[in-house]
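Here's the structure, in structure tokens; my notes come after.
What follows draws every value from the coordinates through simple rules; no lab data is involved. Bear in mind the structure is a predicted one, so any value in this text is a computation, not a measurement. Heads up, the Cβs are rebuilt from the backbone with ideal geometry, glycines too, and the neighbour counts pull from every protein chain shown.
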Amino acid sequence: DPNAPISVDPFRTVAKEMKFLTKNIRQLLGSGHPTLDTVSKYYTQSEGKYVRPMLVLLMSRATALTEKTEREISPFSVNRPLTEPSVLADENPSAPDATAYTTASSIAPDATYRSEDSDILPSQRRLAEITELIHTASLLHDDVIDHSVSRRSAPSANIEFGNKMAVLAGDFLLGRASVALARLRDPEVTELLATVIANLVEGEFMQLKNTASDERNPVWTENTLTYYLQKTYLKSASLISKSCRAAAILGGSSPEVVEASYQYGKNLGLAFQLVDDMLDYTISGEELGKPAGADLELGLATAPLLFAWKDNKSLGKLVGRKFSENGDVQRAREIVSESTGLEQTRALAQDYVDKAIQSIAFFPESEAKNGLIEMCTKVMQRRK
Ligand code: FPP
Ligand code: MG
Ligand code: MG
């Protein structure tokens, strides 16, 4: 049936590249210090979902077919501001260490990459690895901050090795990611991914509070959702959007294609985290591979609860004290389950996914483009 919806396994489209990913990441993480080597490679043992590298590879392939332009180097000022405007305010924003423990061979040589028979550039493959390194670094730190006990169905690194080693390993990953990034010799891409690292921390700081105000009995306003979505952009969508943008830049794409890649990543990234916050309410810990219902226990008011709060103002007090009193978590859970919060969260995620698909609609038809569209479906269907 030629009219049947095309179903592509996005993994298959870039399967060959993905096969090398873990091996290359482990090479980027090599350290002559045996304990550091073990701790920093710990999360590469369990198979992650590799959402970010997969998106980078698919975007690289999908944009390979689009129009190329000569890069215009934007006027450079060392003094230009480091902070960006709110992503929601503007829908259209534009050598190995010299330590005894490090050997030159601990960074994967470029020879690892076969250049034949692929429209993905070596620099784009490396970018895919860098995104996974930054993501894994943030998980190492996140599990310390969240006092996690498990991740990917195994004890989390903080439990296995202790907080100190988990934090230091995260820093090591960022260091190695930075070296690999510098080797791409592209200042714009370096700036994008460096900004991501700062954004992750900014998002985590925003999350220390549930609302912009720090009142004990906050009232629901439109700004409540805006604050949550800006936090969500910083902690999740920034990495996905800016790495998609970087993939298009490395491929020499036109400004329109670069911007479309960014919009795809931003909207998919927001949807991805909205679904994550929904699954925290709906899926068992066993299925998730990490404790479920963790957000309320951590004092976090995410989308399902914020939507429920709009209709049930009694939640304000609980939000203000971060569900810290006896019975608060249980009470909040009940109010959310009796509300339309989960449905509204799913609907908002669907809106973002639709926007993601819309932003790359003008890309030429290809298997990779279908893979990017399929990723949107996968995000909405995922259970972990
Ligand atoms: C997972 O969120 C965590 C993140 C998306 C980012 C966390 C960022 C930091 C800890 C700042 C430090 C950043 C770097 C780059 C070292 P979650 O806790 O909601 O998800 P989970 O259920 O998977 O733990
Ligand atoms: Mg966490
Ligand atoms: Mg967290």
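Summary of packing: across the peptides 38-51, 303-316, the per-residue average of other C-beta atoms within 10 Å ranks them, highest first, as 303-316, 38-51. Need one number: the % of Cα-Cα pairs in the chain sitting beyond the 39 Å mark. Looking at the chain, the distances longer than 39 Å represent 17 percent of pairs.
How much of the pair distance distribution for the range 286-384 lies past 19 Å, counting alpha-carbon pairs only, in percent?
Details: 2648 of 4851 pairs.
Distances greater than 19 Å cover 55 percent of the Cα pairs.
Order by neighbour count: Phe11, Phe363, Phe272, fewest other Cβ atoms within 10 Å first, most last. Kindly include the intermediate steps, with their values, before the conclusion.
Numbers: Phe11 15, Phe363 20, Phe272 28.
So the ranking, lowest neighbour count to highest, is Phe11, Phe363, Phe272.
Secondary-structure-derived ellipticity at 222 nm for the chain, considering helices only, amounts to -19500 deg cm²/dmol, per-run term -39500 (n - 2.57) for DSSP H runs with n ≥ 4. Find, among the GluC sites (Glu not before Pro) in the range 349-384, those assigned to loop by DSSP (not H, G, I, E, B) with at most 13 other beta-carbon atoms within 10 angstrom. Filter output for the range 349-384: Glu365. Going Cα to Cα from Lys355, which aspartates and glutamates come in below 19 Å? Please leave out same-chain ones fewer than 8 positions away. Output for Lys355: Asp90, Glu91, Glu256, Glu259, Asp276, Glu343, Glu365, Glu374.
Straight-line reach from Lys16: which lysines have Cα under 19 Å away, leaving out those fewer than 8 places along the same chain? The qualifying lysines are Lys49, Lys369. Within the range 229-363, the proportion of Cα pairs with more than 21 Å between them is 48 percent.
The phi torsions of the range 317-325, fed into the Karplus equation with coefficients 6.51, -1.76 and 1.60 and a -60° offset, translate into couplings of 4, 5, 4, x, 9, 6, 6, 8, 8 Hz, rounded to whole numbers, with Gly and Pro shown as x. Going from the residue with the fewest nearby Cβ atoms within 10 Å to the one with the most, Cys244, Cys376 rank Cys376, Cys244.
From least to most packed, judged by other beta carbons within 10 angstrom and beginning with the fewest, Met165, Met206 follow the order Met206, Met165.
Give the shape of the range 130-286 as rounded, prolate or oblate, defined through the alpha-carbon gyration tensor: a ≥ b ≥ c are the square roots of its eigenvalues, a/c under 1.5 means rounded, and otherwise the shape is prolate if a/b is larger than b/c and oblate if not. In terms of gyration-tensor shape, oblate.
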